[in-house]
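Remarks on the structure that follows.
Read-outs throughout are calculated quantities, based only on the coordinates presented, and are distinct from any laboratory measurement. Everything quoted here is computed from the prediction, not taken from an experiment.
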Amino acid sequence: MKPLTKTLFSMAIVLASCLSIPGYVSADGHANQGKFKAAESLKFDDIIPGVVAFSTVNGDREKGAHGTFVRIPAGQATPLHTHGSEYHAVVISGIFENPIKDDENSQKSLGPGSYYYVPANTPHISRCAASSPTDCLTYFYQTTPFDFAVSE
């Protein structure tokens, strides 16, 4: 498969799995309407200024289930942290790394079209590789409000 086809295929799998979660379609009151957002219309909020920015496109990340784009500049990384709920994600652009503490399988560089999953309360780092040719853009889905707790 060509890289773009892989990316679209991976995104379709994640989105299809999200749609199978009860309440997903009605999370933002649009049960009988399509929802469309052009990439250039996404508005990003700094979560960690200069490191991580979010653009939530479905649901409400402060109140419950949500689908959110994450942008991290090349060479930037979050501190080691956890979330109270699991999440599923797909890499859209850049070379993304999401190493989980004490999990050798997670020590990978992930290019566009790659999928990753992080279990609840699992210490990890989210970073865009210094060698990435572009900033990283990922999309993640979580069934609960977003939380972020720095680990020691």
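Of the cross-linked pairs K35/K101; K35/K63; K35/K108, which ones have a Cα-Cα span greater than 31 Å in the structure shown?
Checking Cα-Cα distances, K35/K101; K35/K108 exceed 31 Å.
Find the centroid of the Cα atoms in segment 93-118 and in segment 119-147, then give the distance between the two in whole Å.
So the separation of the two Cα centres works out to 9 Å.
Rg/Rh for segment 65-152 to two decimals, with Rh computed the Kirkwood way over all alpha-carbon pairs.
Dividing the radius of gyration by the Kirkwood radius yields 0.93.
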